[in-house]
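The structure under discussion appears below in the form of C-alpha coordinates.
The values are calculated or read from the model by the stated rules, or taken from the named source; none is laboratory data. What you see is a predicted model, and the numbers here were worked out from it, not measured in a lab. Because the Cβ atoms are built from the backbone with ideal geometry, glycine has one as well, and the counts that use them run over all protein chains shown. For accessibility, only protein heavy atoms count, side chains too; no ligands or nucleic acids. Shrake-Rupley method; radii C 1.70, N 1.55, O 1.52, S 1.80 Å.
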Amino acid sequence: MKLKRKHILPILGVVFLLIQFIRIDKTNPPIVEGQDLFAIHNAPAAIKSKIVDACYDCHAHTTKYPWYTNIAPFSWWIKGHIDNGRRHLNFSVWGGYDAKTKGHKLEECIEYVENAWMPLGSYT
(Lines give C-alpha, C1' and ligand atoms only; values in the text may rest on other atoms or scores of the structure.)
Protein backbone atom coordinates (compact mmCIF):
# COMPACT_ATOMS: atom_id res chain seq x y z
CA MET A 1 0.00 0.00 0.00
CA LYS A 2 1.52 3.25 -1.14
CA LEU A 3 0.95 6.39 0.95
CA LYS A 4 -0.16 9.35 -1.13
CA ARG A 5 0.99 12.88 -0.42
CA LYS A 6 -2.53 14.09 0.32
CA HIS A 7 -2.76 11.57 3.19
CA ILE A 8 0.48 12.51 4.93
CA LEU A 9 -0.69 15.81 6.45
CA PRO A 10 -3.93 14.40 7.94
CA ILE A 11 -2.02 11.43 9.37
CA LEU A 12 0.56 13.75 10.94
CA GLY A 13 -2.29 15.85 12.35
CA VAL A 14 -3.90 12.80 13.97
CA VAL A 15 -0.54 11.67 15.39
CA PHE A 16 0.04 15.18 16.79
CA LEU A 17 -3.38 15.13 18.44
CA LEU A 18 -2.87 11.66 19.89
CA ILE A 19 0.52 12.47 21.45
CA GLN A 20 -1.14 15.27 23.43
CA PHE A 21 -2.52 12.55 25.69
CA ILE A 22 1.01 11.60 26.76
CA ARG A 23 1.52 14.13 29.54
CA ILE A 24 4.65 14.92 31.53
CA ASP A 25 4.72 14.91 35.31
CA LYS A 26 4.92 18.53 36.43
CA THR A 27 5.03 17.74 40.12
CA ASN A 28 8.02 19.26 41.87
CA PRO A 29 9.68 17.04 44.47
CA PRO A 30 9.24 18.23 48.05
CA ILE A 31 11.71 20.77 49.32
CA VAL A 32 13.58 19.71 52.43
CA GLU A 33 13.82 22.70 54.73
CA GLY A 34 17.38 23.91 55.22
CA GLN A 35 18.89 21.97 52.28
CA ASP A 36 18.59 24.68 49.61
CA LEU A 37 21.73 26.60 48.61
CA PHE A 38 20.35 29.92 49.85
CA ALA A 39 19.00 28.43 53.07
CA ILE A 40 22.58 27.46 53.88
CA HIS A 41 24.52 30.38 52.40
CA ASN A 42 23.65 34.06 52.60
CA ALA A 43 24.10 35.86 49.32
CA PRO A 44 23.42 39.40 48.22
CA ALA A 45 19.85 39.75 46.95
CA ALA A 46 21.01 40.64 43.42
CA ILE A 47 23.18 37.49 43.18
CA LYS A 48 20.47 35.28 44.64
CA SER A 49 17.87 36.72 42.26
CA LYS A 50 20.11 36.19 39.23
CA ILE A 51 20.87 32.56 40.13
CA VAL A 52 17.25 31.76 40.98
CA ASP A 53 16.00 33.34 37.74
CA ALA A 54 18.63 31.73 35.50
CA CYS A 55 19.14 28.33 37.13
CA TYR A 56 16.41 27.19 39.49
CA ASP A 57 13.83 26.14 36.89
CA CYS A 58 16.11 23.27 35.81
CA HIS A 59 18.42 22.90 38.80
CA ALA A 60 16.04 22.94 41.78
CA HIS A 61 12.70 21.63 42.96
CA THR A 62 10.98 24.94 42.21
CA THR A 63 10.36 24.57 38.48
CA LYS A 64 7.75 26.88 37.00
CA TYR A 65 6.56 25.17 33.83
CA PRO A 66 5.83 27.57 30.94
CA TRP A 67 2.62 27.26 28.92
CA TYR A 68 4.30 25.40 26.06
CA THR A 69 5.01 22.45 28.36
CA ASN A 70 1.37 21.56 27.74
CA ILE A 71 2.19 20.72 24.12
CA ALA A 72 3.88 17.45 23.19
CA PRO A 73 6.59 16.91 21.99
CA PHE A 74 7.94 20.22 23.37
CA SER A 75 6.91 19.14 26.86
CA TRP A 76 8.99 15.97 26.60
CA TRP A 77 12.04 17.96 25.47
CA ILE A 78 11.74 20.47 28.33
CA LYS A 79 11.11 17.73 30.92
CA GLY A 80 14.24 15.93 29.70
CA HIS A 81 16.27 19.10 30.25
CA ILE A 82 14.84 19.55 33.74
CA ASP A 83 15.47 15.94 34.76
CA ASN A 84 19.01 16.08 33.37
CA GLY A 85 19.69 19.43 35.03
CA ARG A 86 18.56 18.21 38.44
CA ARG A 87 20.62 15.05 38.04
CA HIS A 88 23.82 17.04 37.42
CA LEU A 89 23.24 19.89 39.88
CA ASN A 90 20.36 20.40 42.26
CA PHE A 91 20.37 23.51 44.43
CA SER A 92 17.42 22.16 46.43
CA VAL A 93 19.60 19.37 47.87
CA TRP A 94 22.80 21.42 48.17
CA GLY A 95 23.06 20.68 51.89
CA GLY A 96 23.27 16.95 51.12
CA TYR A 97 26.43 17.31 49.03
CA ASP A 98 29.75 16.72 50.77
CA ALA A 99 32.40 19.46 50.74
CA LYS A 100 34.35 17.90 47.86
CA THR A 101 31.21 17.60 45.72
CA LYS A 102 30.18 21.19 46.50
CA GLY A 103 33.61 22.45 45.43
CA HIS A 104 33.46 20.44 42.22
CA LYS A 105 29.92 21.63 41.44
CA LEU A 106 30.96 25.26 41.98
CA GLU A 107 33.95 24.82 39.66
CA GLU A 108 31.65 23.36 37.02
CA CYS A 109 29.18 26.25 37.45
CA ILE A 110 31.96 28.77 36.85
CA GLU A 111 33.25 26.86 33.82
CA TYR A 112 29.78 26.47 32.28
CA VAL A 113 28.86 30.12 32.74
CA GLU A 114 32.25 31.43 31.52
CA ASN A 115 32.01 29.27 28.40
CA ALA A 116 28.36 30.33 27.87
CA TRP A 117 27.21 26.69 28.04
CA MET A 118 24.72 27.68 30.72
CA PRO A 119 22.10 28.85 30.79
CA LEU A 120 21.19 27.12 27.55
CA GLY A 121 20.67 29.51 24.65
CA SER A 122 17.20 28.12 24.03
CA TYR A 123 16.15 29.41 27.48
CA THR A 124 17.66 32.89 27.34
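General observations
- Looking across the stretch 113-124, the residues that are part of a helix (DSSP H, G or I) and closer than 21 Å to residue 82 by Cβ come down to 113, 121, 122, 123.
- Hey, residue 48 in a helix (DSSP H, G or I) and not acidic (Asp, Glu) or not: yes
- The condition of being assigned to a helix (DSSP H, G or I), aliphatic (A, V, I, L, M) and open to solvent by less than 60 Å² (accessible area, probe 1.4 Å) holds for only one of 110, 82, that being 82.
- On inspection, residue 102 does not qualify as under 20 Å from residue 27 (Cβ atoms), surrounded by 11 or more Cβ atoms within 10 Å (Cβ to Cβ) and of a type in the set (D, E, K, R).
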